[in-house]
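Student: Quick one: the structure is below, and I'll ask about it shortly.
The values are calculated or read from the model by the stated rules, or taken from the named source; none is laboratory data. Here the structure is a predicted model, which is why all the values come from computation and not from measurement. Neighbour counts run over all protein chains shown; Cβ positions are idealised from the backbone, glycine included.
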Amino acid sequence: MAAITLIEAVTLALGHEMAADKDVVLLGEDIGKNGGVFRATDGLQARFGEDRVMDTPLAEAMIAGISVGMAAQGIKAIPEMQFMGFMFPAFNQIVTAAARMRNRTRGRISLPMVVRMPYGGGIHAPEHHSESTEALLAHIPGLRVVIPSNPSRAYGLLLAAIRDPDPVIFLEPKRVYRIVKHDVEDNGEAYPLDTCFVDRDGTDITLLSWGAMMHETLIAADQLAKDGISCEVIDVATVCPLDMATIIESVEKTGRCVIVQEAPRAGGIGSEIAAELSEKALLSLIAPIGRVAGYDTVMPYAGMEKQYMPSVERITDEVKKAMQFS
């Protein structure tokens, strides 16, 4: 067991499944010789060969289309979109082919493919490198959307995604690729998909988040504990389908909820969670549901990223506002 970063956990999981299953194949831009722009596939081409770790042209539609064809024949294709903002040329293949294949063939064909995408802001990149548009993908029936928040979850959830018979979108929050390390054993044990993780028990308020924002959310919970506010912190992890049972159980206990997302506020995953809670747990709420989110604008360039993204202060302020209700 070694202490590794989130990006190293991704590499570890990919290597484990490639060694265990000869049908696992990686393809994408610069993922072979160079090991990917973030080095997620570093060393894998040398280990498994060019026929299983394939460098492709700069053509996302082609990458997705070839992956659909491979997966339809039982090959476990793992294409990488170099950045989430580059996925739109591939969107047609992902939405009209990958997401619908099982339904279109009445279950005769499934697509065991995992589309990996580094996503989110915080690394001082241009706008098309910094989006958090997970809600676009979560809205498409037939796609599962998974977002790890730390190294151990990156390892376990990626294993589960690769083993799933249907398409999974695996979004990797690049801001936290290297900021924290976990002890991760390469034991091949997958974490469950479609399940929230309760990171901290609490009694006063439920904090919900996913991906990189779990970092700020946990720090905020620590600060609020010093003020006597007990936060239950939940990592949503799979944003489609949502594990509303765990979320509702927590809110029924605490009576308050604040949702933290990096994505723009309007039409986001947080909006869907808030709507579900309003329908199914309204009588348990003793305060309005709070949302802390990015702003409804394009992610600004490097100099203003910090102002755009939810901060610990914004989270604690929203929690204190909710605590005024009793």
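Student: Check 318, 313, 262 and return the single one that is surrounded by fewer than 18 Cβ atoms within 10 Å (Cβ to Cβ) and either out of contact with any helix residue (DSSP H, G or I) (no Cβ under 7 Å at 6 or more places or on another chain) or touching a residue at least 12 places away in the same chain (Cβ under 8 Å) (or both).
Tutor: The match here is 313.
Student: Same structure again: Only one residue in 113, 1, 18, 54 is of a type outside the set (Asp, Glu), touching a strand residue (DSSP E or B) at 6+ places or on another chain (Cβ under 6 Å) and at pLDDT below 95. Which one?
Tutor: One residue alone meets the criteria, 1.
Student: Filter region 154-165 down to residues that are crowded, with 23+ Cβ neighbours inside 10 Å and not hydrophobic (A, V, I, L, M, F, W, C), then give me how many there are.
Tutor: 1
Student: Okay, next question. Looking at region 202-311, what helices (runs of 4 or more DSSP H) fall wholly within it and have at least 1 residues that are of a type in the set (Phe, Trp, Tyr) and on the phi < 0 side of the Ramachandran plot?
Tutor: 305-308
Student: With the requirement that a residue be outside any loop (DSSP other than H, G, I, E, B), of a type outside the set (D, E, K, R) and in contact (Cβ under 8 Å) with a residue 40 or more places away in the chain, what does region 49-77 give you?
Tutor: Answer for region 49-77, where residues must be outside any loop (DSSP other than H, G, I, E, B), of a type outside the set (D, E, K, R) and in contact (Cβ under 8 Å) with a residue 40 or more places away in the chain: 64, 67, 68, 70, 71, 77.
Student: For region 29-47, name all the residues that are crowded, with 19+ Cβ neighbours inside 10 Å and in a helix (DSSP H, G or I).
Tutor: 44, 45
Student: May I pose another question? Checking residue 85 against (1) modelled with pLDDT under 95; (2) under 23 Å from residue 190 (Cβ atoms), which single condition isn't satisfied?
Tutor: Among (1) modelled with pLDDT under 95; (2) under 23 Å from residue 190 (Cβ atoms), the lone unmet condition for residue 85 is (2).
Student: Just to be sure before I move on: is residue 21 touching a residue at least 40 places away in the same chain (Cβ under 8 Å) and surrounded by fewer than 19 Cβ atoms within 10 Å (Cβ to Cβ) in the structure I sent?
Tutor: Answer is yes for this residue.
Student: Hey, does region 81-104 have a residue that's more than 22 Å from residue 14 (Cα to Cα) and in a loop (DSSP other than H, G, I, E, B)?
Tutor: Yes, that holds for at least one residue.
Student: I'd like to verify a number: residues in region 120-160 that are touching a helix residue (DSSP H, G or I) at 6+ places or on another chain (Cβ under 9 Å), in a helix (DSSP H, G or I) and not polar (S, T, N, Q), how many?
Tutor: Looking only at that region, the number is 16.
Student: Across region 273-286, what is the total count of residues that are without any contact (Cβ under 8 Å) to a residue 40 or more places away in the chain and out of contact with any strand residue (DSSP E or B) (no Cβ under 8 Å at 6 or more places or on another chain)?
Tutor: 9
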